[in-house]
Amino acid sequence: MHNVDLHCHSTASDGLLPAAEVVRRAAENGVDMLALTDHDELSGLTAARSVADELGMRFVNGVEVSIEWLGLQVHILGFAFDADDEALNAGLAAIRSGRVDRARRMAAALEKIGIPGCFDGAMGHAENPNLISRSHFARYLVEIGVCKDMRSVFESYLVPGRPGYVDHRWATLEEAVRWIRGAGGVASVAHPGRYKFSRSELRRFFDEFKGVGGQAIEVVSGSHSADNVVVFSRFAREYGFMASCGSDFHGPGESYVDLGKLAPFPQGLAPVWESF
Ligand code: AMP
Ligand code: MN
Ligand code: MN
Ligand code: MN
């Protein structure tokens with residue numbers, strides 16, 4: 001494999017392009033193995049796979065599961081699982097069912113600080129209402145001119161300590177890994193460089209992840225710096241984790257990196273796709 005991208009989003013969650021278009025764009029960009037990894041949602045996989053088959057591109061089932069660990073939201077990627085697995089589907093459905101309620105609480109919090117109408121506004125940006133996400137709120141707040149871009153909306157309104165952020169119970173680390181592995185898949189920690197963990201928390205997190213059966217970490221990510229890649233290559237070797245790589249593409253103009261335009265995969269790591 002020359003160009004592997006194992007992390008991206010479609011309108012089935014908070015991406016801007018339908019799954020079929022994500023796959024076409026990936027193929028145009030030279031990707032030869034793609035995983036679509038929508039947040040807590042598998043509904044884009046069928047369309048994505050059929051386009052990938054048409055284009056002769058290798059396609060891998062994927063998902064990005066939202067979990068809570070030490071009060072922080074963390075993302076666990078699942079790859080190459082059986083998308084019909086009942087426990088996985090039931091687990092993801094349970095996570096999704098809390099999203100609409102969270103969105104109402106977020107809208108109420110934003111209304112309190114003088115920004116009304118955010119529930120309907122955010123829903124207007126969500127193709128899949130069950131997957132209503134902070135991204136949809138951010139797009140709405142940019143649309144109405146509250147902030148100039150998504151990044152500043154998150155900084156000012158949508159992260160812990162900011163007025164539009166509300167706590168939410170996601171899955172646990174153990175559940176996410178159990179659902180993914182139970183469906184025959186491989187679990188990888190998404191963009192480990194993005195979390196606000198101390199060094200000791202990061203080690204504790206990797207220990208627990210490994211303890212519950214986690215097998216890989218995302219070393220190369222659209223949201224990782226060159227330093228992050230070096231640091232997490234080292235962690236992968238130390239813990240015996242395989243390494244995954246992905247752009248985390250959400251849409252044209254909205255992502256750090258386009259599909260298939262990743263930094264090189266470091267030497268000396270075990271590529272997760274060799275296990276698929
Ligand atoms: P949610 O799952 O609803 O909590 O939304 C999380 C999503 O928001 C992530 O998957 C990203 O797509 C997006 N996101 C999180 N933090 C930021 C940020 N600082 N800037 C832009 N997008 C972000
Ligand atoms: Mn997202
Ligand atoms: Mn993520
Ligand atoms: Mn993602």
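In the stretch 232-244, is there at least one residue being under 15 Å from the mean Cα position of the chain (by Cα) and within 16 Å of ligand 2 (Cβ to nearest atom)? Don't jump to the end; show me each part of the working.
First pass over the stretch 232-244, keeping only residues under 15 Å from the mean Cα position of the chain (by Cα): 244.
Now narrow it down to the ones that are within 16 Å of ligand 2 (Cβ to nearest atom): none.
Among the residues of the stretch 232-244, not one is under 15 Å from the mean Cα position of the chain (by Cα) and within 16 Å of ligand 2 (Cβ to nearest atom), which makes the answer no.
With the requirement that a residue be outside any helix (DSSP H, G or I), more than 15 Å from ligand 2 (Cβ to nearest atom) and buried (at least 16 other Cβ atoms within 10 Å of the Cβ), what does the stretch 129-150 give you?
Going residue by residue through the stretch 129-150, those that are outside any helix (DSSP H, G or I) are 132-133, 144-149.
Okay, now just the ones that are also more than 15 Å from ligand 2 (Cβ to nearest atom), so 144-149.
Listed by number, the residues that qualify are 146, 147.
Yes or no: residue 16 under 30 Å from residue 145 (Cα atoms), more than 17 Å from the chain's Cα centre (by Cα) and either within 16 Å of ligand 3 (Cβ to nearest atom) or buried (at least 20 other Cβ atoms within 10 Å of the Cβ) (or both)? Write out each step before concluding.
On the way: under 30 Å from residue 145 (Cα atoms): yes; more than 17 Å from the chain's Cα centre (by Cα): no; either within 16 Å of ligand 3 (Cβ to nearest atom) or buried (at least 20 other Cβ atoms within 10 Å of the Cβ) (or both): yes.
The answer is no for residue 16.
Given the criterion buried (at least 24 other Cβ atoms within 10 Å of the Cβ), at negative phi and in contact with an Asp or Glu (Cβ under 6 Å, 6 or more places away or on another chain), identify the matching residue among 39, 9. Before you say what the answer is, go through the steps one by one.
Numbers: 39 fails: buried (at least 24 other Cβ atoms within 10 Å of the Cβ).
Checking each option against the conditions leaves just 9.
I'm told residue 263 meets every condition in (1) free of Cβ contacts under 8 Å to residues at least 40 places away in the same chain; (2) more than 15 Å from ligand 3 (Cβ to nearest atom); (3) closer than 27 Å to residue 135 by Cα except one. Can you identify the failing condition by its number?
Every listed condition holds for residue 263 apart from (1).
When you check residue 153 against the structure, is it away from ligand 4 (no atom under 16 Å from the Cβ) and either crowded, with 19+ Cβ neighbours inside 10 Å or in a strand (DSSP E or B) (or both), yes or no? Even if it seems obvious, please write down each step before you answer.
On the way: away from ligand 4 (no atom under 16 Å from the Cβ): yes; either crowded, with 19+ Cβ neighbours inside 10 Å or in a strand (DSSP E or B) (or both): yes.
Answer is yes for this residue.
Return only the number of the condition from (1) out of contact with any Gly (no Cβ under 8 Å at 6 or more places or on another chain); (2) farther than 22 Å from residue 241 by Cα that residue 33 does not satisfy.
(2)
Can you find even one residue in the stretch 79-88 that is among the small types (Gly, Ala, Ser), away from ligand 1 (no atom under 16 Å from the Cβ), touching a residue at least 12 places away in the same chain (Cβ under 8 Å) and touching a strand residue (DSSP E or B) at 6+ places or on another chain (Cβ under 6 Å)?
Filtering the stretch 79-88 down to residues among the small types (Gly, Ala, Ser) leaves 80, 83, 87.
Checking the rest, the ones that are also away from ligand 1 (no atom under 16 Å from the Cβ) come to 80, 83, 87.
Filter once more, keeping what is touching a residue at least 12 places away in the same chain (Cβ under 8 Å): 80, 83, 87.
Narrowing the set further to residues that are touching a strand residue (DSSP E or B) at 6+ places or on another chain (Cβ under 6 Å) leaves 80, 83.
Among the residues of the stretch 79-88, at least one is among the small types (Gly, Ala, Ser), away from ligand 1 (no atom under 16 Å from the Cβ), touching a residue at least 12 places away in the same chain (Cβ under 8 Å) and touching a strand residue (DSSP E or B) at 6+ places or on another chain (Cβ under 6 Å), which makes the answer yes.
Any residue that is in the same structural domain as residue 60 (by TED's automatic domain parsing) and within 16 Å of ligand 2 (Cβ to nearest atom) - is there at least one of those in the stretch 198-211?
Here is the first cut: in the stretch 198-211, the residues in the same structural domain as residue 60 (by TED's automatic domain parsing) are 198-211.
Pick out the ones that are also within 16 Å of ligand 2 (Cβ to nearest atom) and you get none.
No, because not a single residue in the stretch 198-211 is in the same structural domain as residue 60 (by TED's automatic domain parsing) and within 16 Å of ligand 2 (Cβ to nearest atom).
Out of 255, 198, 233, I need the residue that is without any contact (Cβ under 8 Å) to a residue 40 or more places away in the chain, within 14 Å of ligand 1 (Cβ to nearest atom), surrounded by fewer than 23 Cβ atoms within 10 Å (Cβ to Cβ) and polar (S, T, N, Q). Which one? Can you show your working first?
Working: 198 fails: within 14 Å of ligand 1 (Cβ to nearest atom); 233 fails: within 14 Å of ligand 1 (Cβ to nearest atom).
Testing whether each residue is without any contact (Cβ under 8 Å) to a residue 40 or more places away in the chain, within 14 Å of ligand 1 (Cβ to nearest atom), surrounded by fewer than 23 Cβ atoms within 10 Å (Cβ to Cβ) and polar (S, T, N, Q) leaves just 255.
Is it fair to say residue 53 is more than 16 Å from ligand 1 (Cβ to nearest atom), surrounded by fewer than 24 Cβ atoms within 10 Å (Cβ to Cβ), of a type outside the set (A, V, I, L, M, F, W, C) and more than 21 Å from residue 257 (Cα to Cα)? Spell out the reasoning first.
On the way: more than 16 Å from ligand 1 (Cβ to nearest atom): yes; surrounded by fewer than 24 Cβ atoms within 10 Å (Cβ to Cβ): yes; of a type outside the set (A, V, I, L, M, F, W, C): yes; more than 21 Å from residue 257 (Cα to Cα): yes.
Answer is yes for this residue.
The values are calculated or read from the model by the stated rules, or taken from the named source; none is laboratory data. Keep in mind the model is a prediction, meaning the values are calculated, not measured. No Cβ is skipped: glycine too gets one built from the backbone with ideal geometry, and neighbour counts run over all protein chains shown.
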